[in-house]
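Undergrad: Here it is, the structure, as structure tokens.
Bear in mind that the values in this text are calculations on the coordinates, not laboratory data. It should be emphasised that the depicted structure is a prediction, and the values quoted were computed from it without experimental measurement. With ideal geometry, Cβ positions are generated from the backbone for all residues, glycine too; neighbour counts draw on all protein chains shown.
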């Protein structure tokens, strides 16, 4: 099953919450109450995303966390990479290192192609778009995919 972690899912929810009012710093307690995710979990996510450069933090009475860049300039790929590391469906698609099976593997290049296709699709979705409600029947076209290939957006 291809699935990102619950923490990464929550990280995207946190980022979407901040994207709705990107100029206003928010603290972990406020975010936790608004999105109904436990404050320790929200705190962990905020620290991680700040360390990865997606959030800015400010101390003090008017402090908190806010987006480091406009929501239009942050992609879903960046959030997933910050939370989990680079997107990779298989070990061999994670990087260019060689494995012992490589001389005998007939599918490595296909996994790398699939991985690049998924990254391109997620690179094409910004945080600003994630905040918007999707309409049923809307399709996402993946650049570089086979002609006629698309998937319904949820």
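Undergrad: Between residue 44 and residue 113, how high is the FRET efficiency from 1/(1 + (r/R0)^6) when r is the Cβ-Cβ distance and R₀ = 41 Å? Nearest 0.05.
TA: Approximately 0.75, to the nearest 0.05.
Undergrad: Which order do the peptides 74-85, 33-44 take when ranked by the mean count of other beta-carbon atoms within 10 Å per residue, highest first?
TA: Put in order of decreasing packing, that is 74-85, 33-44.
Undergrad: Answer rounded, prolate or oblate for region 1-53, using the Cα gyration tensor with square roots of eigenvalues a ≥ b ≥ c: rounded when a/c is under 1.5, else prolate when a/b is larger than b/c, else oblate.
TA: Taking the square roots of the gyration eigenvalues as a ≥ b ≥ c, region 1-53 is prolate.
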